[in-house]
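The values are calculated or read from the model by the stated rules, or taken from the named source; none is laboratory data. Not measured: the values here are computed from a predicted model. As a convention, Cβ positions derive from the backbone with ideal geometry for all residues, glycine included, and neighbour counts pool all protein chains shown.
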Amino acid sequence: MNLLLDLALVAWLIVLAIHVARTGDDRNAIIAFIAFGLLLGLAWTRLGAIDVALTEAAIGGGITGLLLLRAEAHLRRGRQAGSAPRKASGATSIVAALASAAIALGLGLAVLAFPSPAPTLAPPALAAIDATGLGNPVTAVLLAYRALDTLLEKVVVLLALLGVWALTPDHLWGGAPALKEANPPQPLLYLARTLPPFGVLIAVYMVWVGADAPGGTFQAGSILAAMWLLVMLAGLRPAPETRSRLLRLLLVGGPALFFAIGFLGFAVAGGFLAYPEPLAKALIVGIEAALTVAIALALGLLVAGPSSKAPAP
Amino acid sequence: MAEFLTGAALFILAVTALGLFRVLRSELAVERMMAVQLLGTGAAAALLLLGAASNTPAMTDVALLLMLLAAFSCAAFTLGQSDEAADAAAPKGDEP
Amino acid sequence: MSSAISDTATLFGLCGAALAGIGLFVVIAHPGLLRRLVGFNILGAGIFMVFGAVARRGAAAGLPGDPVPQAMVITGIVVAFSASALAVALLRRLFDLTGRESLEPPAAGETPRAES
Amino acid sequence: MSTLADLFTLAMVAGGALLFLAGTLGLLRFPDTLSRLHALSKADNLGLGLIVLGLLPQVDSIAGGLKLVCVWLLAQLSAATASQLIAGALHRRKSGR
């Protein structure tokens, strides 16, 4: 029965991906992609990676869908009648099909040729986990063993946000992105009032439980971002001006705290990002809290896009 | 018991996914979104069942998240729709 | 038990390879940039899934999978999302400035839109 | 784990699964979009509700049971608003043309 379920999941994922490739309408492709994200989350639980499933459900099923659907609506609104994108020519399609089939075949062969006693870092990850005071090995990898990766990833998210902001036209620089709908429907307002309390509760729970069970900062940050976006879409709160000092401080605050604790490691524990053992858990939870806020803000602003209103004088 | 729960999860997923595949060819984007909603609920039900079958309570959290964001993606979808309606009502020719 | 685990891992690994292929096809063959972005996300999902298969095969010491590749996939998903958001912003800017939504040269009849 | 609780789970989960089947059939077979929406929301809520109810005896901690009920409550909230939103979009599309 388990094998059957796995086979079915794989088949549906591939069918949805092919649908994305074949359908003529962009919105149809995006809706199929949202369904793909849902099933992908399920597939990750089948692979025993519940942390990844949570991330995929929050990002793939939630905010990526909003990002793509907003972009599609923008394109559709501005498109002149009869200027639908042309289809690819036959020759291009054939070359592309051959190239991608070769890549897929190569990857497939690599999958089949995995070494048989699979190499694993699970035992060493568990062996050192007592020193961190954590119970969830994935969180331990993210925030203790490979904390440098996580730190750099935060910087990458901020760089992407800088890139998005850099696309602001000069006269709008420092203003607020326009997210609010012109005429938000009544159920959206209701949703934006009722859902965020649940969302914040679940996000706090995710950070808290992330120390010992699946969950953690990324998941919590994306939930918070989704809730924030919902509130801004309904117009209950205005989108913040990008020149706001407080906003910029909060964005930089998470990574900055991470850096500070990292350098402190030289002084107390003899290495960058080395935590003194008795304080490890407290430091990690502190970093997680600051990072969650920074991630939520950064992801929300990434979806909101560059500012499109001139700053208020 | 675990076999039965896994089987029920497979059944629910199969039914909702087949519904989705039929509707993906439909004319109306709204109906596609409805099918995605049904798949979302089906996926949450399957996660609960699988979590009970394999005794991993953390799977409930994934279902919780799916349900939290189900309405979110639906709202995102209707935003594009309302733009369309607003465009139809507004006079044309207001170039940005 | 362990053979069941490696079966599942191989199955999803092959699925990941297929998804990467399909995503790559969309990225190369489809002229519309938005669709290419969706293809890019499918390509990424495929690669992540191969990673997930590696992690699943590394199940040991009572863990359901090797935590190191799993953590890498989590960072990867967030980075892929940031890249998609940047790409969407670029696409919207390109569209606002020129009225084009693909990188192909405009056809003879089309005139580029003037900026406001 | 008593057999009575197991039987209860069996019956409830089977009922829930059948409701999902009914919802999909309604989505595919009903004549117009609004009645399809109607079929969908019934199946959603009741199907998931029965499954949650059926799984409750299998849960071994109070927190786990609470989470199950929370999933159902969230599903109620999101299904209700989602169908309102969809119906509203449909209505505006029709009246806009």
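One line per residue, one yes/no per condition, for (1) under 27 Å from residue A:191 (Cβ atoms); (2) over 17 Å from the mean Cα position of the chain (by Cα):
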{"site": "D:6", "(1), (2)": "no, yes"}
{"site": "D:9", "(1), (2)": "no, no"}
{"site": "D:23", "(1), (2)": "yes, no"}
{"site": "D:32", "(1), (2)": "yes, yes"}
{"site": "D:58", "(1), (2)": "no, yes"}
{"site": "D:92", "(1), (2)": "yes, yes"}
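In the range A:226-282, which residues are of a type in the set (S, T, N, Q) and over 15 Å from residue A:304 (Cα atoms)? A:244 - this is the single residue of the range A:226-282 that is of a type in the set (S, T, N, Q) and over 15 Å from residue A:304 (Cα atoms). Picking from residues in the range A:269-283 that are surrounded by 13 or more Cβ atoms within 10 Å (Cβ to Cβ) and free of Cβ contacts under 8 Å to residues at least 24 places away in the same chain, the one that is farthest from residue A:208 (Cα to Cα) is A:269.
Are there helices (runs of 4 or more DSSP H) fully within the range A:1-94 with at least 2 residues that are within 30 Å of residue B:2 (Cα to Cα) and within 7 Å of chain C (Cβ to nearest Cβ)? List them.
It comes to A:2-22, A:26-46, A:50-58.
For residue A:253, the conditions (1) modelled with pLDDT of 80 or more; (2) of a type in the set (Gly, Ala, Ser); (3) touching a Leu at 6+ places or on another chain (Cβ under 7 Å) all hold with the exception of (3).
So residue A:152 fits all but one of (1) more than 11 Å from chain C (Cβ to nearest Cβ); (2) surrounded by fewer than 17 Cβ atoms within 10 Å (Cβ to Cβ); what number is the exception? Condition not satisfied by residue A:152: (1). For the range A:220-254, the candidate set comprises residues that are basic (Lys, Arg) and in a helix (DSSP H, G or I); within that set, the residue that is surrounded by the most Cβ atoms within 10 Å (Cβ to Cβ) is A:248.
Name the residue, out of B:67, B:59, B:33, that is crowded, with 19+ Cβ neighbours inside 10 Å, at pLDDT 85 or above and within 7 Å of chain D (Cβ to nearest Cβ).
On inspection, the qualifying residue turns out to be B:67.
Residues that are within 14 Å of residue A:7 (Cβ to Cβ) and either in contact (Cβ under 8 Å) with a residue 60 or more places away in the chain or of a type in the set (A, V, I, L, M, F, W, C) (or both) within the range C:10-29 comprise C:11, C:12, C:14, C:15, C:18, listed in sequence order. The residue that is nearest to residue B:54 (Cα to Cα), among those in the range D:32-71 that are more than 7 Å from chain B (Cβ to nearest Cβ) and of a type in the set (Asp, Glu), is D:60. The residues of the range A:100-111 that are aliphatic (A, V, I, L, M) and either crowded, with 19+ Cβ neighbours inside 10 Å or more than 7 Å from chain C (Cβ to nearest Cβ) (or both), listed by number, are A:102, A:104, A:105, A:107, A:109, A:110, A:111. Here the condition is being surrounded by fewer than 20 Cβ atoms within 10 Å (Cβ to Cβ) and within 7 Å of chain B (Cβ to nearest Cβ); of D:10, D:74, it holds for D:10 alone.
Condition check for residue D:85 on (1) assigned to a helix (DSSP H, G or I); (2) out of contact with any Ser or Thr (no Cβ under 7 Å at 6 or more places or on another chain); (3) over 16 Å from residue B:40 (Cα atoms): one failure, at (2). The condition (being over 30 Å from residue A:211 (Cβ atoms) and of a type outside the set (A, V, I, L, M)) is satisfied by just one residue among B:41, B:60, B:56: B:41. Of the set (1) β-branched (Val, Ile, Thr); (2) more than 8 Å from chain C (Cβ to nearest Cβ); (3) in contact with a Lys or Arg (Cβ under 9 Å, 6 or more places away or on another chain), all apply to residue A:194 but (3).
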